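S.K.: Can you keep this structure in mind? I'll have questions shortly.
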Ligand code: ADP
Ligand code: MG
């Protein structure tokens, strides 16, 4: 990879709201470096059976309650599906978890001990909460391999000097991630030449390079072909257990393939929770969402 591309890519990554910092020390020696050493993904306290919980969370935009006393919790290794009509607050909920939006009230905890409301977006990413936005944001001029490599090269010093050597462990991880996201045969291809679905998998792969404890995925199969959607379902099924996943989707076939517990969000709060069959049979859910 040329230094120019590496530098440009690195800058973009930093600018991106989803910029992933790792537990590696940064050169700043500032709050983030200290913090990264303090909490690494393995250290999240899940002894109370929750990787994430929100309690009574509310946020208003110009007087409009986008999130209204929302309470929710996710178990370690769980794959939780979130459905609900447009405007229900699904994306805003992810904005709150990842530190992009500050709630007006309520609590948001990562494990039992980490109060996420005390941290900034980059710090939250560094703790092991990865977020996939709707639109793929891979670096089109770089190869698949280089994109994954870049996701590891989060140390600013490394980016500046352009001397980035993969350790044996990094190489193993990269190889593993390539297999997981079904792109092992495409490692040398330019990301710009991938299909839409493959770009989405690559972006998930970039998140996986950071080995996140919790992955938030906002409408991951939108725009995918049926075959890509099915492969994505299989991918998520292989990720659960090792990671906790929160998946927002409208595609009910996809939800049916992957879901255990489904949460229906409406007007910024939980309307119903249960198996897909249970929530689909719920009169209130039919009225606000499924019956449209
Ligand atoms: P969903 O993802 O479920 O479709 P959103 O979380 O995007 O819903 O939006 C919930 C509501 O909050 C919508 O009515 C939306 O217009 C509003 N909203 C979201 N973010 C902002 C913002 N930054 N400023 C003003 N209104 C917002
Ligand atoms: Mg949304």
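Throughout, read-outs are computed from the coordinates displayed, never taken from laboratory work. Remember, predicted model here, so these are calculated numbers, not experimental data. Counting neighbours? That spans all protein chains shown, and the Cβs are built from the backbone with ideal geometry, glycine included.
S.K.: Separation between the residue 242 and residue 261 pseudo-spin-labels, each 7 Å from Cα along Cα→Cβ, expressed in nm?
M.R.: Modelled inter-label distance: 2.3 nm.
S.K.: If packing is taken as the average number of other Cβ atoms within 10 Å across a peptide's residues, how do 66-78, 103-115 rank, most packed first?
M.R.: Result, highest mean Cβ count within 10 Å first: 66-78, 103-115.
S.K.: If each of residue 117 and residue 43 carries a label point 7 Å out from its Cα toward its Cβ, how far apart are those two points in nm?
M.R.: 2.4
S.K.: Please arrange 100, 171 by counting, for each residue, the other beta carbons lying within 10 Å of its beta carbon, fewest first.
M.R.: Final ranking by Cβ density, sparse to dense: 171, 100.
S.K.: Stretch residue 102-residue 250 to full length: gain in nm at 0.36 nm per residue minus the Cα-Cα span?
M.R.: Taking 0.36 nm per residue and subtracting the Cα distance, the gain is 50.7 nm.
S.K.: Let me ask something else. What is the fewest-to-most order of 202, 235, 54 by other Cβ atoms lying within 10 Å of their Cβ?
M.R.: 235, 54, 202
S.K.: Tell me the label-point distance for the pair residue 69, residue 275, using the 7 Å Cα-to-Cβ offset, in nm and rounded to one decimal.
M.R.: Label at residue 69, label at residue 275, 3.0 nm between them.
S.K.: By how many nm would the segment from residue 283 to residue 187 lengthen if fully extended, with 0.36 nm per residue of separation less the alpha-carbon distance?
M.R.: Fully extending the segment from residue 283 to residue 187 adds 29.8 nm.
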